[in-house]
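Chemist: Have a look at this one before I ask anything.
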Amino acid sequence: MAYKVLVLKGDGIGPEVVGEALQVLKAVTREGAVDIEFKEAPLGGHAIDAFGTSLPDQTLSLARESDAILMGAVGGPKWDSPKAPDRPERGLLTLRKELGLFANLRPVKTVKELIGASPLKPEIINGVDLVVIRELTGGIYYGQPSERRQGKDGREAVDTCFYTEKEIARVLRYAFELARERRKRLTSVDKANVMASSRLWREIATELSAEFKDVAFESQLVDSMSMHLIRRPRDFDVVVAENMFGDILTDEASVLAGSMGLLPSASLGEELNSAGFRVGLYEPIHGSAPDIAGRDEANPLAAILSGAMLLDHSLSMKTEAEQIVHAVETVVREGFRTRDLGAGSGAKPVGCKAMGRLVRERLETFDPGA
């Protein structure tokens, strides 16, 4: 059986980093004699330029037919006008909604050799290993009304944070299940002292905790959580939050690893693919970085690790996923660094293409029995 993987390279450095990730995926699956059909389609700013829309119908159609999607960041100054009829981010938000990708997973694990790249003290971040789960298809990013208008006191704007019990329960249940597979600790983030939607969130989280008595559960207010992530990040295992809170906290958590260039993500839905696993969209969490696009300076490791997550979560190819992770860790341990990771003592500076080539070469050193 041939699996179908859609590749959306995005804008800015997206084509560069996703291009390297795609080569790694092809190498590891070719070695494992796995038949995967890769198709490419436009999304974001380049889609606006070429087709007049950030999400062409053909792209959405291919996405619906795919077992998984590998994507690069979208957007850039060229398409940033707030008065534009379409923006790159709308295409991404619509794609998530149309595919029902309700849970965004962002693992954050410090790498010993890169602790010096983080602005935080080594004694704070050494040993951090957590996952932030962000609800992805509800909340203030999708609630209606969401508009600017003219009021009696001049210009005004409104955004609506709306959640249903079903939307809250399904992402919380997934978080509890993941915590059960890890270190059995779950932290739910809300703003229950102010927001009605957060009070509902906390109520449902507390109710669900009774079904998962083996998981140590706590609720944290989002403002407190933003402080705890910096002061005591090792205390957390799985963290779950609604859409906007999760968006902010995951960017903050990226500092723990030293660079966004190291962090992959997975957005998972309820629908199962032809392999019998969750359909997912996989992307590095960093932006499109148009200032360095085309200069061979981008870090492809987050995109490559996103490819590993794709194999693991959507195709259940755990050995091949571990092979990629091992190759990335080996390259980092050997001292190879792209610009964002800093030079440091003994570092070996490399560009985007060289880093991708090094990872492909290290795939052969993986021993699944070790």
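The values are calculated or read from the model by the stated rules, or taken from the named source; none is laboratory data. Source: prediction; values computed, not measured. Note that each Cβ is placed from the backbone with ideal geometry, even for glycine, and that neighbours are counted across all protein chains shown. With ligands, DNA and RNA removed, areas are computed over all heavy atoms of the protein, side chains included. Shrake-Rupley method; radii C 1.70, N 1.55, O 1.52, S 1.80 Å.
Chemist: Give the accessible area for residue 219 in Å² (nearest 10); use a 1.4 Å probe, count only protein heavy atoms, and leave out ligands, DNA and RNA.
Modeler: For residue 219, the solvent-accessible surface is approximately 40 Å².
Chemist: Roughly how many nanometres apart are two label points built 7 Å out from the Cα toward the Cβ at residue 318 and residue 183?
Modeler: With each label point 7 Å from Cα toward Cβ, the separation is 2.0 nm.
Chemist: What three numbers, in Å, describe the spread of the alpha carbons of region 262-370 along their principal axes, ordered from the longest?
Modeler: Taking max minus min along each principal axis of the Cα atoms, region 262-370 gives 45, 38, 18 Å.
Chemist: Given the options 308, 253, 117, state which has the largest fluctuation in a GNM of the chain using a 10 Å cut-off (strictly under) for Cα springs.
Modeler: 117
Chemist: For region 65-169, which trypsin sites (Lys or Arg not before Pro) are both in a DSSP coil and crowded by at most 15 other Cβ atoms within 10 Å?
Modeler: Filter output for region 65-169: 83, 152.
Chemist: I would also like to ask the following. Taking 0.36 nm per residue of sequence separation and subtracting the Cα-Cα distance, how much length would be gained by fully extending the chain between residue 230 and residue 200, in nm to one decimal? Walk me through the intermediate numbers first.
Modeler: On the way: separation 30, 0.36 × 30 = 10.80 nm, distance 2.71 nm.
Length difference between fully extended and current span is 8.1 nm.
Chemist: In vacuum, with every alpha carbon of region 161-264 counted as one equal point scatterer, what does the Debye formula give for log10 I(q)/I(0) at q = 0.20, 0.22, 0.23 Å⁻¹? Two decimals, please.
Modeler: -1.06, -1.25, -1.33
Chemist: Taking one equal scatterer on every alpha-carbon of the chain, how large is log10 of I(q)/I(0) by Debye at q = 0.09, 0.10, 0.12 1/Å?
Modeler: Reported log10 I(q)/I(0), two decimals: -0.51, -0.63, -0.93.
Chemist: Would you work out the charge dipole size for region 140-201 about its Cα centre, treating the Cβ of every Lys and Arg as +1 and the Cβ of every Asp and Glu as -1, and quote it to the nearest 20 debye?
Modeler: With Lys and Arg at +1 and Asp and Glu at -1, about 360 debye.
Chemist: OK, next. Taking residue 166 as the anchor, which lysines have their alpha carbon closer than 28 Å to its alpha carbon, excluding any fewer than eight residues away along the same chain?
Modeler: Reachable lysines: 97, 184, 191, 213.
Chemist: For residue 252 and residue 295 in the same chain, what is the full-extension length gain: residue separation times 0.36 nm, less their Cα-Cα distance, in nm?
Modeler: On the way: separation 43, 0.36 × 43 = 15.48 nm, distance 2.69 nm.
Full-extension gain reported as 12.8 nm.
Chemist: For 313, 228, give me the order by solvent-accessible area with a 1.4 Å probe, most accessible first, ignoring ligands, DNA and RNA. Walk me through the numbers on the way to the answer.
Modeler: Details: 313 55, 228 30 Å².
Of 313, 228, the descending order of accessible area is 313, 228.
Chemist: When the convex hull of the Cα atoms of region 1-98 is projected onto a plane and the area is averaged over all directions, what value comes out in nm²?
Modeler: Working: hull surface 25.3 nm².
Computing the convex hull of the Cα atoms and averaging its projections yields 6.3 nm².
Chemist: Taking all pairs of distinct Cα atoms, average 1/r, flip it, and tell me the Kirkwood hydrodynamic radius of region 281-326 in Å to one decimal place.
Modeler: Details: mean 1/r = 0.0868 Å⁻¹.
11.5 Å is the Kirkwood radius here.
Chemist: Ranked by accessible surface with a 1.4 Å probe, highest first, in what order do 146, 259 come?
Modeler: 146, 259
Chemist: If you don't mind, there's one more thing I want to ask. In deg cm²/dmol and to the nearest 500, what is the mean residue ellipticity at 222 nm of the chain if only DSSP H runs of at least 4 residues count, each as -39500 (n - 2.57), divided by the residue total?
Modeler: Roughly -12000 deg cm²/dmol at 222 nm, from the helical runs in the chain.
Chemist: In region 203-247, which trypsin sites (Lys or Arg not before Pro) fall in coil by DSSP and have 15 or fewer other Cβ atoms within 10 Å?
Modeler: Loop-located and lightly packed - 213.
Chemist: So, one more: Considering only 324, 304, 36, give the residue with the highest GNM mean-square fluctuation for the chain, with springs between Cα atoms whenever their separation is below 10 Å.
Modeler: Evaluated over the chain, the most mobile residue of the options is 36.
Chemist: Between 223, 251, 153, which gets the highest mean-square fluctuation from a Gaussian network model of the chain, Cα cutoff 10 Å?
Modeler: Sorting by GNM fluctuation, first place goes to 153.
Chemist: Same structure, new question: Normalized C-alpha radius of gyration of region 63-102, against 2.2 N^0.38 Å? Walk me through the intermediate numbers first.
Modeler: Numbers: Rg = 12.0 Å, N = 40, 2.2 N^0.38 = 8.9 Å.
My calculation over the Cα atoms of region 63-102 gives 1.35.
Chemist: How much area per residue is accessible in the chain when the probe is 1.4 Å and only protein heavy atoms are counted (Å²)? List each step's numbers first, then the result.
Modeler: Details: 16430 Å² over 370 residues.
Value returned for the chain: 44 Å² of accessible area per residue.
Chemist: Shifting gears a bit: Determine the order of 201, 79 by accessible area, beginning with the largest, at a probe radius of 1.4 Å.
Modeler: 79, 201
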